1. Among the residues that make up region 498-518, is at least one of them in contact (Cβ under 8 Å) with a residue 24 or more places away in the chain, more than 13 Å from residue 558 (Cβ to Cβ) and out of contact with any strand residue (DSSP E or B) (no Cβ under 8 Å at 6 or more places or on another chain)?
2. In region 412-431, what residues are at pLDDT 95 or above and more than 14 Å from residue 452 (Cα to Cα)?
3. Kindly provide the set of residues from region 485-497 that are surrounded by fewer than 18 Cβ atoms within 10 Å (Cβ to Cβ) and either within 13 Å of residue 552 (Cβ to Cβ) or in contact with a helix residue (DSSP H, G or I) (Cβ under 7 Å, 6 or more places away or on another chain) (or both), ordered by number.
4. Just for strands (runs of 3 or more DSSP E) wholly inside region 57-166: which have at least 3 residues that are in contact (Cβ under 8 Å) with a residue 60 or more places away in the chain?
5. Can you pull out the strands (runs of 3 or more DSSP E) entirely within region 209-307 that have at least 3 residues that are in contact (Cβ under 8 Å) with a residue 12 or more places away in the chain and crowded, with 17+ Cβ neighbours inside 10 Å?
6. Out of (1) assigned by TED's automatic domain parsing to the domain that holds residue 330; (2) assigned to a loop (DSSP other than H, G, I, E, B), what's the single condition that is false for residue 172?
7. Where in region 366-433 are there strands (runs of 3 or more DSSP E), lying fully within it, with 2 or more residues that are touching a residue at least 40 places away in the same chain (Cβ under 8 Å), under 22 Å from the mean Cα position of the chain (by Cα) and farther than 19 Å from residue 356 by Cβ?
8. Before we move on, is residue 329 assigned by TED's automatic domain parsing to the domain that holds residue 198, under 14 Å from residue 51 (Cα atoms), outside any loop (DSSP other than H, G, I, E, B) and touching a residue at least 12 places away in the same chain (Cβ under 8 Å)?
């Protein structure tokens with residue numbers, strides 16, 4: 001009991017201001033000037049710069065638009081249109097403005113553009129016979145600060161109406177837009193949760209199955225030995241329930257600064273290394289934002305200001321005191337403390353599933369190859385962020401498992417399958433959860449009797465032939481014509497996904513505005529690429545990822 005009392009006394013002392021004596025940056029918010037807000041409505045964020053997203057950091061701000069589309073989007077400064085990008089996915093309808101100071105601002109998920117851009121875009125789409133466009137107008141289109149450049153929407157991969165806004169420097173690197181002091185209410189401090197203690201062996205292998213969760217405010221016994229640490233941390237702003245990311249994290253071990261990062265800028269060339277910064281197993285399974293204190297060997301991110309040169313070791317019968325100071329861009333700060341007590345050393349065990357697998361060491365600096373039962377897996381050099389044990393298990397039903405499933409990858413691996421029988425055309429590789437739920441689909445290639453695919457998702461796979469053509473029909477009734485004069489089609493594909501959509505009126509190509517999220521393709525009557533008042537022959541062609549095709553043809557009389 002006296003020993004425990006002593007530990008609590010030390011822990012209390014560690015939370016004093018003297019303990020956290022390292023210099024803290026001034027808040028990022030309002031450190032720059034020169035931009036107005038891109039929306040003339042109260043600014044509420046559903047997403048911020050640096051939060052975890054899929055397999056990357058979010059590179060901008062997501063402004064809520066009150067659940068509606070159609071708010072004017074304003075030029076934040078004088079600028080010239082440097083890029084117009086339209087895609088069914090991603091940012092959807094996006095606009096890029098270049099400014100005199102070398103920065104570029106990006107406006108994503110728009111519903112439509114201002115007239116000079118929309119006129120140029122329509123001509124471009126018809127000349128290229130393509131809905132997707134990524135180009136710069138040959139004739140300069142400029143806007144003054146406060147001009148309407150477009151209207152907010154829900155295009156692309158947006159999960160709901162909002163405006164995605166970015167600022168990029170002269171080298172196209174994203175900068176945290178909160179530097180420009182947009183009036184966004186934020187009185188809430190970041191939320192810092194439990195510490196994750198990850199044991200590692202003498203070879204640098206993490207035993208993630210034995211990761212311990214340590215809460216703040218007590219003394220927790222863990223096995224002695226080498227460890228890595230991570231902590232759950234996120235942020236929330238006023239007026240929204242959305243979980244956002246933190247701006248900075250500073251870590252102190254036994255009173256000394258151990259590591260720190262600040263998310264001021266990002267780099268698209270390394271942005272997927274977010275997976276190495278996150279504690280990947282929990283990010284993958286539950287989307288919990290857990291930040292590692294130190295970068296893994298293959299992590300190329302430049303967000304780290306201070307990184308340790310020594311490995312952390314918990315010594316048996318001794319204590320280690322961890323303090324975490326987490327801040328958001330507005331300067332709100334949360335500090336949490338954790339105390340670890342070294343118990344008996346950890347005895348590493350090998351998972352039983354490995355006895356049925358082939359496996360080998362995998363290093364970030366080398367190519368790794370495994371082969372078994374006609375299945376070959378090749379991880380290119382610099383695929384892994386850390387030393388891992390790669391594994392491959394082939395099952396009697398033809399399925400196979402690629403591991404380690406809980407390790408992040410910097411590059412895709414390649415799977416080559418030999419000795420397959422039957423028709424090898426139109427094959428896809430389906431990724432499955434433990435319960436057999438489909439997680440994703442990869443398109444296979446077949447050459448010389450070898451079927452291949454690439455993926456960054458390790459786990460269980462099976463091959464399936466996709467022989468079913470996409471579903472294509474008028475959206476609402478037997479005719480695609482709707483009350484506003486447009487033609488609207490429903491299209492979807494259950495396996496390999498829709499890859500191409502084309503429309504023709506009386507044999508001439510017409511623009512179909514394809515929205516995969518809504519499963520629609522729309523011809524707008526205002527395009528006037530038809531003869532009003534005359535029945536026209538309509539043909540729509542849809543192709544999926546393996547080349548299955550569907551057609552719809554019919555005669556429709558359209559108006560003006």
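1. Checking region 498-518: at least one residue is in contact (Cβ under 8 Å) with a residue 24 or more places away in the chain, more than 13 Å from residue 558 (Cβ to Cβ) and out of contact with any strand residue (DSSP E or B) (no Cβ under 8 Å at 6 or more places or on another chain).
2. If the condition is that a residue be at pLDDT 95 or above and more than 14 Å from residue 452 (Cα to Cα), then 431 is the only one that fits.
3. 485, 486, 490 - these are the residues of region 485-497 that are surrounded by fewer than 18 Cβ atoms within 10 Å (Cβ to Cβ) and either within 13 Å of residue 552 (Cβ to Cβ) or in contact with a helix residue (DSSP H, G or I) (Cβ under 7 Å, 6 or more places away or on another chain) (or both).
4. 61-64, 72-74, 79-86, 104-113, 148-152
5. 219-234, 248-253, 256-262, 290-292
6. Of (1) assigned by TED's automatic domain parsing to the domain that holds residue 330; (2) assigned to a loop (DSSP other than H, G, I, E, B), only one is false for residue 172: (1).
7. Answer list for region 366-433: 413-417.
8. Criteria not met by residue 329.
The values are calculated or read from the model by the stated rules, or taken from the named source; none is laboratory data. Since the structure is predicted, the reported quantities are computational estimates derived from the model, not experimental observations. Neighbour counts run over all protein chains shown; Cβ positions are idealised from the backbone, glycine included.
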